[in-house]
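Remarks on the structure that follows.
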Amino acid sequence: MRFDWVRIVGWIGAPQTTVPRPRLRFARNPTWSGASAVGLRANDGHGLSRTVWGALTQPTVLALLLIHPTLALAAPLKVVASFTILADMVRQVAGPHAEVIALVGPGGDTHTFDPSPADAGKLGGADLIVVNGLGLDGWMERLAKAADLKVPILTASVDVAPRQMTEAGQTVPDPHAWQDPRIGGMYLRAIALALKTADPAHATTFTDNTDRLTAALEALDQNARQQIAGVPASRRRIITSHDAFGYFGRAYGVSMLAPEGISTDQEPSAGAVARIIDQIRSQAIGTVFIENMANPRLIETIRTDTGATDGGTLYSDSLSPPDGPAPTYLAMLRYNISKLVAAMKGS
Amino acid sequence: MTLYHLLFEPFVAYGFLRRALLACLALSLGCGPIGVLLVLRRMSLMGDAMSHAILPGAAIAFLIAGLSLPAMSLGGLIAGLLVAMLAGAVSRATPLKEDASMAGFYLTSLALGVLIVSARGSNVDLLHVLFGSILSVDTPALLLVAAISAITLATLAVIYRPLIVECFDPGFLRAVGGHGPLFHGIFLGLVVLNLVAGFQSLGSLMAVGLMMLPATAARLWARDVLSLFWVASLIAFLSGYIGLLASYHLNLASGPAIIFTAGLAYVGSIVFGRNGGLVRTYFPPPHYHTTPAEHGR
């Protein structure tokens, strides 16, 4: 473990260790979600939706939402998302009816983010907080709890059957579910439902936007499937510096290898790096990827030692700035898929 | 598994391990003597304070110039030297002792660094970006570390006599007209340089461990200053070698593995050291007939 001086001096301390259950509830009352028994059923083919969605439709919740002062006005909803990808999803679903901000900006690392008091202030003015869950952004709920907020929190991954993976000897859920376009559709539907509850007047707009986006995601998914079908099975292997593409790999049958663990926190061992080099050499992988936020030096080392070429930047946990190649969720998926397919075909 | 596989094969098969080992060698040559001099000058904790003073400089340079090895090294160097010089100046101009003013300045520097970093709103885990790992040492980093060792050894050769006199009898050096503060300043500059080299290669605050642990361990084996230098450098290099092997065979993080090996060498020296180790002191060979108090001087 490195001595992390930034975090020790930082405002909120320890990294996320526990995995939050999927939930949608008021921050002040963590046990409240247990009371929700009535649920909406929306079978999307990847796992049943939980009863948690239905919580918003309960009379007590509706009453609370109604006495929330900002909801009485016709002003756009204020939504705070933990990071850029979720923020873009909310923006796309809500259209002009919500002002969305992301606490972790483009290029930031959501895994190790340290919120500042100003971030707590941003949460305080929100009508809805959207987090990813699955252990990615536990600091957001701690922040809401510390600020003692009465703002509903939507865990966007609520319907996802998480992919398990091993980190530091423990089995934890992989948080990077949005890299699978079909799971991205589940995120959108969860967001739409929360928005509809918070702002019922614009429910049709939210539904229309969600339908349009889901259709675009399905087209993108089909297109990706066709492209990857053209790659021989023996070449469906990718090396990246940060293990964020597990869901992508699962969806399309591509093996994802990484020199570091799932989190950017860990210091690699010489043995792990040697195994990756062996893997590249023995399986003749010709291209490796550096992601937009991970430390590129280690992957540089691996490239030097194996002679593999640089596949460019993939966007895993963060969108690019507006003038970059991946300013929206859909653009990010498209960009990543084209880069990955080119690498697999070229090697 | 043969001995060859255990001890040499990893370095033959993997370029990154060869570069890591070379970086350890270069670091050991520079850090050994510097650490010994720090111990002799009773400034063992100074290295740790300095390493904290350097970090903000490197962080600020990263925010200005991005991931650039020279810029970050220069930033660290400037911050470290500034803190050292200010602490020296304050201790001469006010009643504060040097360690007190050093503590004051390094903490201020650290706080300032964190403030600047958080004001920029960068959420990137800075340590990971600032300092890779010994496993990701590339040719420029290797050249930097080697150059710093060469500069260190050359400078020490030039200022060796006055520096040693300043260590043991600063009053005498003043009486014969030597420039004690000048050599002290040059020495502090060397400390900062070697810490920067350690950060760039070992990739963590623990780099200071490769400076101090072998030096304190060497004190229990050797008596004169030059032998102390050699023993400290040797222990540092062996720690690097064994640490890398452990990191390879046992899947341990490489930086801590190296420093922990140096720590084991230190503990081993305390117990078995020829020059004042516990075993020699309390269970002396029969023909010596010395008391613990007489021994180990």
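Laboratory data are not the source of any read-out in this text; all were calculated from the coordinates shown. Predicted model, so just to flag it, every value in this text is computed and none were measured. Note: ideal-geometry Cβ built from the backbone for every residue, glycine included; neighbour counts use all protein chains shown.
Structure values in brief
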item	result
Distance histogram for segment A:293-334 (every C-alpha pair counted, 5 angstrom bins, percent rounded to whole numbers)	5, 21, 23, 16, 15, 14, 5, 0
Radius, Kirkwood style, for segment B:182-281 when every pair of distinct Cα atoms is counted (Å)	14.1
Point-to-point label distance, residue B:69-residue B:96, nm (Cα→Cβ direction, 7 Å offset)	3.6
Neighbour-count order for B:247, B:51, fewest beta carbons within 10 angstrom listed first	B:51, B:247
Positive dipole terminus of chain B, leading residue within B:83, B:14, B:201 (C-beta point charges)	B:83
Within chain B, longest stretch clear of exposed chymotrypsin sites (Phe, Trp or Tyr not before Pro) (DSSP loop, no more than 15 other Cβ within 10 Å)	B:9-287
Cβ neighbours within 10 Å from other chains - mean over B:137-143	1
Percentage, to the nearest whole number, of Cα pairs in segment B:16-64 over 19 Å apart	50
Mean Cα-pair separation over length for chain B, i.e. relative contact order, pairs under 8 Å, 6 or more apart, %	25
Computed Rg/Rh of segment B:3-282, alpha carbon atoms with Kirkwood Rh	0.98
Residues of type lysines that residue A:122 reaches as a straight line, Cα spacing below 20 Å, ignoring anything fewer than 8 places off in the same chain	A:78, A:145, A:150
Estimated translational D of segment B:182-235 in µm²/s (Stokes, Kirkwood radius over Cα pairs; 4 °C; 1.567 mPa s)	108
Least to most buried among B:85, A:89 (fewest other Cβ within 10 Å first)	B:85, A:89
Segment B:1-80: trypsin sites (Lys or Arg not before Pro) in DSSP coil with no more than 14 other Cβ atoms inside 10 Å	B:42
